[in-house]
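Heads up, the thing below is written out as structure tokens.
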Amino acid sequence: MLNNKTLVAICLVLASGFHFIFYFGWYGPSKSIFIWNFIIAWGAVFLLLFFYALTNWKSGIKGKGVTAIFGVLILLLFIALIRSLLKVNDLSSLVRLLFDSYTGLSLFPILFFVIGSNSKYFLSINRILTVYCIVAFAISLAFLNYFELNIFLLMPISYLILTFPMQSNRNRILTLIISVVVIVVSWTNRAGVMRILISYVIVIIYYVISSFKVNKKLIRIVVFCILLLPFYFLYLGINGKNIFADISGDPTEDYSQSDLSVDTRTFLYYEVFQDLKFNNAFVFGKGIDGGYASEIFQTFSRSTVEVGFLQILLKTGIVGFLAYFAMLFSAIFKALGRSKSIFMKSLGLLLSSYVLMLFIENSIAFNLLNVSIWLVVGMCHSRELLNLNDEELKKLYSNIKVKRNLISA
């Protein structure tokens, strides 16, 4: 019988395989999405449900309130899915619902929290994501002329950059090479490039903190103020102030992927908010395949939104938004305030940047960006990982026995 570590490895390999095939099919030479690939994704989901229902994963979590909030989030996920299933009236509609990374599968990456929170799987997580990025990068070199394929295949690189201080010199050079190539060939993808640059800024902060005495309370205060910015901007937006237009330029300018200053977000907020208001769906959203009426895209039900915050609202409403963000905020402040290592604080900073970008990008979908984020959310709630110092984490990362009793799977 396969042990839990092996099942975790299989789950991560399935998710990685799905991600590669999906985005290679979407942006690569074939320009097609394979239905059978979604069976791979659902295989990973069922393994995660096995861990959620049948393993003692809660024992590794720091804070009982977190498991309660996570339980509410899982409940909301299934309510959103069931609401959409009840509207299905034929086989083709069922296929469109379940076999779509941005609808039926979109919220399931939150289940990766379960394995991310167990320190026993820390080594497997890092090894598999590292191997995936190396293999995906090597293959993508033959397809650099395909628009932004490289950056979509290598979404988890923003997490792996944070492991830079724990990597060997050879792997550090490789990480730098991959990052530079991704930026050069996919510079028009503003969000992807920004995620990579932010990760390197966090690595610099890691070395600054490790070299100089930095007040930890000051870091928490700064992060708290930064996290308030999106809500302040929302308040201004409600009162008629167009932040995106002020920052990006004229919102009426024709969109061009090569023009990085064009405002491509204001109309999304307007259309989604108008639709939710018209359908009285602000509280609980419109289900996992919920769509909004878009004049710009000329459709009455556009189910994908490029802004993660809007997508969460559309699918689960304010209730789902509060549960989703409560998990993220809890992880951030545990990592910044209760961890004994600078690396875990780096993960808190990564999640802080993710929260900020949810208001301008970071679509909610079943892909390695969201998978890696929820693995990190789990790590930031792991009692064992929070209690390890940087030297002990390096040993765990390098598969050197740590002289502590790690929580069993």
Boolean, Ile151 is crowded, with 24+ Cβ neighbours inside 10 Å, of a type in the set (Val, Ile, Thr) and under 25 Å from Ile360 (Cβ atoms): yes
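Restricting attention to region 97-149, which residues are among the basic types (Lys, Arg) and touching a residue at least 60 places away in the same chain (Cβ under 8 Å)? Even if it seems obvious, please write down each step before you answer.
Residues of region 97-149 that are among the basic types (Lys, Arg), as a first pass: 120, 127.
Correct list: Lys120 only.
Just to be sure before I move on: is Phe70 assigned to a helix (DSSP H, G or I) and surrounded by 18 or more Cβ atoms within 10 Å (Cβ to Cβ) in the structure I sent? Let's see the steps before the verdict.
Numbers: assigned to a helix (DSSP H, G or I): yes; surrounded by 18 or more Cβ atoms within 10 Å (Cβ to Cβ): yes.
Considered against the rule, which asks whether it is assigned to a helix (DSSP H, G or I) and surrounded by 18 or more Cβ atoms within 10 Å (Cβ to Cβ), Phe70 comes out as yes.
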What do you reckon, is Ser211 farther than 25 Å from Phe359 by Cβ and of a type in the set (Gly, Ala, Ser)? yes
Of the residues in region 294-330 that are surrounded by 15 or more Cβ atoms within 10 Å (Cβ to Cβ) and small (Gly, Ala, Ser), the one that is farthest from Val283 (Cα to Cα) is Ser330
In region 162-193, what residues are exposed (fewer than 15 other Cβ atoms within 10 Å of the Cβ) and of a type in the set (S, T, N, Q)? Ser168, Asn169
I'd like to verify a number: residues in region 10-50 that are on the phi > 0 side of the Ramachandran plot and surrounded by 14 or more Cβ atoms within 10 Å (Cβ to Cβ), how many? 0
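For residues that are among the hydrophobic types (A, V, I, L, M, F, W, C), part of a helix (DSSP H, G or I) and within 22 Å of Ser186 (Cβ to Cβ), tally how many sit in region 16-44. Quick ask: steps written out before the conclusion?
Going residue by residue through region 16-44, those that are among the hydrophobic types (A, V, I, L, M, F, W, C) are 18, 20-22, 24, 26, 33-36, 38-42, 44.
In the following step, the residues that additionally are part of a helix (DSSP H, G or I) were identified as 18, 20-22, 24, 26, 35-36, 38-42, 44.
From what is left, the residues that are within 22 Å of Ser186 (Cβ to Cβ) are 18, 20-22, 24, 26.
Counting residues in region 16-44 that are among the hydrophobic types (A, V, I, L, M, F, W, C), part of a helix (DSSP H, G or I) and within 22 Å of Ser186 (Cβ to Cβ) gives 6.
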Is it true that some residue in region 307-328 is at pLDDT below 95, not aromatic (Phe, Trp, Tyr) and not in a helix (DSSP H, G or I)? yes
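Consider region 288-328. How many of its residues are among the polar types (S, T, N, Q) and without any contact (Cβ under 8 Å) to a residue 60 or more places away in the chain?
Result for region 288-328: 4.
The values are calculated or read from the model by the stated rules, or taken from the named source; none is laboratory data. Every value quoted in this text rests on a predicted model; they were computed, and no experiment measured them. Quick reminder, even Gly has a Cβ in these numbers, built from the backbone with ideal geometry, and neighbours come from all protein chains shown.
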